[in-house]
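The values are calculated or read from the model by the stated rules, or taken from the named source; none is laboratory data. Keep in mind that what you see is a predicted model, and the values were worked out from it rather than measured. When we count neighbours, we look across all protein chains shown, and the Cβ atoms used for this are built from the backbone with ideal geometry, even at glycine.
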Amino acid sequence: MRTSPPSLPLFCLGIACLGFGAIPLTQAGGGYDWRLPKGFPEPGVPVDNPMTASKVELGRRLFYDKRMSANGKSSCATCHKQELAFTDGLKESVGSTGEHHSRNAMSLVNVAYSAVLTWSDPTKTKLEDQALVPMFGTHPIELGLREGDGFISRLQSDAFYRQLFPTAFPEQANPFTVGNVTKAIACFERSIISARSPYDRYHFGGDDNAVSPSAKHGEELFFGESCKCFQCHGGFNFSDATVSARTTGRHTEFHNTGLYNLSGELTYPEPNLGIYEHTRLITDIGKFKAPTLRNIAVTGPYMHDGSIATLGEVVDHYAAGGRTIHDGLFAGEGSRNPNKDPRIAGFKISPQDRADLVAFLTCLTDQEVLHDPRFGNPWPQ
Amino acid sequence: MNNRPLRKRYLSLLLAAVALAGPFLNLSARAWRQDSKPSETLLVTGDIPTPVGLKAEDLDKMQPESVTVNEEDASTNYTGVTLRSVLEKAGAPMGKSLRGKGLASYVLAKARDGYQVVFTPGELDASFGNERVLIAYKREGKALFGYQGPFRIICPNDKAGARSIRMLESLEVVRLRK
């Protein structure tokens, strides 16, 4: 950090900047009540999918509905559990058929502000499009749906949906479409805003007792010249580039943090090669998104592949300027990865400072968003 | 057996030493905390007639200005005084005295975490760059606290935020030609 350079314009640091991610956004229409506290910008929404309370409610029903999977065993909520800030607590997620995903489930909290949505797909910038991946994707199978397999009919047979779909899409004669399913789910996901953590009460609310002295010192380390965590986890969302109703899209960045350094050309373990999977540039191997740190204490294990178990160990990784794996298939000195972001330079940190930094990260946990019934399962248990 | 009272005495001495040292150990832990607390005084030092220490209330008595910047996608209002006025108050080369050798000067702004940036009298002075750089002490009308304060610099016209340093502790005026 830099105590210093902040966030005025959330400036692009220029490294690995890509020209992806210009999202057609507009201010939310329909008078949707985001319940945003002071200091939080209004999220942007696509022009063709304004927020409405009825779409959010429909999306919530769909999100928690296991009929959204081909075999009726999984829903979106299987990998995105509210109490875990909409992650699943697993190293790598498991699809409805038992197939393992190669990635750690990302949190959906404050996803409305994300300039890019996934760990390493720069083209996925719109929740409506992203929803199709778990629904119909085959590598890996997540929900396992296939076009024409009757899942729309299954939804249509439900009395709730026969009421909710026409209410959410009143202008359409037949609102039961895949496109409307993804629009409703996207609206629900955008509604999940986390802004009431102890840190928010301290920083925005001025409640000096909301966080511990340890967390306050951790905050200084986070934003300070030695650790500089804020350079990639900056702004109100403690993340890479954010978007809102006021912004028209920002350059997004992806980072190789020196997690691996395998011998050979592919220095990261397949299939998790970062944005290289899309650009095919060797210099993009191992570059992943820096996600929001809000609620990070409940979203472990960490990193794109869940390969670090605790926050303390994550701090150790960054303090060392990369991870060294001494033996086994993934042996290598991550700090020497040729694509490593130069900002991952390492830093000295005392045990007390390490604990303070973790205390700060922990105070970003918003218990309200983890238990708010607006985001919970609406179906009878 | 004869050693027993002696051992007891040593034990007592040891306990006494621990009891005495305990508060000092605690004190040193507290001192570390205190060291990490921000200074409430902004120091202006260097090649000026006399070093100056300014508190937020001193800035309040100058001519505070407010500026609204786009910060983290939201408009944020800061209150402070211009860096130019602080340098003038400290007797740095500004205004009529800013010419010739005075133009070969710079101001080193230092933050509590060691971060440093530089400004020049030339860019700040009304006759030259006339750049409005603020030393802020309030955000949204409330005193800056935590990692932000108690003082920070706001450069409203900078495209990047790297000179708008937080935790500002001191300004050192350096005259390269005297």
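When you check B:Pro121 against the structure, is it more than 23 Å from A:Ala215 (Cβ to Cβ), surrounded by 15 or more Cβ atoms within 10 Å (Cβ to Cβ) and in contact with a helix residue (DSSP H, G or I) (Cβ under 7 Å, 6 or more places away or on another chain), yes or no? Yes. Filter the stretch B:136-149 for residues that are hydrophobic (A, V, I, L, M, F, W, C) and free of Cβ contacts under 8 Å to residues at least 24 places away in the same chain; which is nearest to the other protein chains (Cβ to nearest Cβ)? Among those that are hydrophobic (A, V, I, L, M, F, W, C) and free of Cβ contacts under 8 Å to residues at least 24 places away in the same chain, it is B:Phe145.
In summary, helices (runs of 4 or more DSSP H) completely within the stretch A:176-237 and bearing 1 or more residues that are in contact (Cβ under 8 Å) with a residue 40 or more places away in the chain, surrounded by 23 or more Cβ atoms within 10 Å (Cβ to Cβ) and in contact with a Ser or Thr (Cβ under 8 Å, 6 or more places away or on another chain) occur at A:178-191, A:213-222.
Checked across the stretch A:262-282, the condition of being surrounded by 22 or more Cβ atoms within 10 Å (Cβ to Cβ), assigned to a loop (DSSP other than H, G, I, E, B), more than 20 Å from the chain's Cα centre (by Cα) and not aliphatic (A, V, I, L, M) holds for at least one residue. State all residues of the stretch A:343-358 that are charged (D, E, K, R) and under 18 Å from A:Gly322 (Cα atoms); if no residue qualifies, say none. Once the filter is applied, which keeps residues that are charged (D, E, K, R) and under 18 Å from A:Gly322 (Cα atoms), the stretch A:343-358 yields A:Arg343, A:Lys348, A:Arg354.
For the stretch A:119-141, residues that are over 18 Å from A:Gly44 (Cα atoms) and under 13 Å from the mean Cα position of the chain (by Cα) total 3. Evaluating A:Glu277 against the criteria (1) more than 24 Å from A:Asp121 (Cβ to Cβ); (2) of a type in the set (Asp, Glu); (3) touching a helix residue (DSSP H, G or I) at 6+ places or on another chain (Cβ under 9 Å) leaves one unmet condition, (1).
For the stretch B:104-135, the set of residues classified as more than 14 Å from chain A (Cβ to nearest Cβ) and in a strand (DSSP E or B) consists of B:Ser105, B:Tyr106, B:Val107, listed by residue number. Selection over the stretch A:252-261 of residues that are at pLDDT below 95 and not in a loop (DSSP other than H, G, I, E, B) gives a count of 1. Considering only the stretch A:320-358, state which residues are farther than 17 Å from A:Thr257 by Cβ and within 25 Å of the chain's Cα centre (by Cα). Result: A:Arg354, A:Ala355, A:Asp356, A:Val358.
Report, by residue number, each residue of the stretch A:137-159 that is without any contact (Cβ under 8 Å) to a residue 24 or more places away in the chain and more than 15 Å from A:Arg67 (Cβ to Cβ). Scanning the stretch A:137-159 gives A:Gly137, A:Thr138, A:His139, A:Gly148.
Of the residues making up the stretch A:238-271, just one is out of contact with any Gly (no Cβ under 9 Å at 6 or more places or on another chain), at positive phi and within 14 Å of another protein chain (Cβ to nearest Cβ), namely A:Phe238. The set of residues from the stretch A:157-207 being at negative phi and within 14 Å of chain B (Cβ to nearest Cβ) comprises A:Ile193, A:Ala195, A:Pro198, A:Tyr199, A:Asp200, A:Arg201, A:Tyr202, A:His203, A:Phe204, A:Gly205, A:Asp207. The one condition from (1) at pLDDT 95 or above; (2) assigned to a helix (DSSP H, G or I) that A:Leu108 does not meet is (2).
Find the residue count for the stretch A:181-204, including only residues that are among the hydroxyl-bearing types (Ser, Thr, Tyr) and farther than 30 Å from A:Lys216 by Cα. Before you say what the answer is, go through the steps one by one.
Looking only at the stretch A:181-204, we keep the residues that are among the hydroxyl-bearing types (Ser, Thr, Tyr), and these are A:182, A:191, A:194, A:197, A:199, A:202.
Next cut, farther than 30 Å from A:Lys216 by Cα only: A:182.
Of the residues in that region, 1 qualify.
Restricting attention to the stretch B:71-78, does a residue exist that is closer than 16 Å to B:Phe151 by Cα, within 14 Å of chain A (Cβ to nearest Cβ) and crowded, with 21+ Cβ neighbours inside 10 Å? Yes; the residues of the stretch B:71-78 include at least one that is closer than 16 Å to B:Phe151 by Cα, within 14 Å of chain A (Cβ to nearest Cβ) and crowded, with 21+ Cβ neighbours inside 10 Å.
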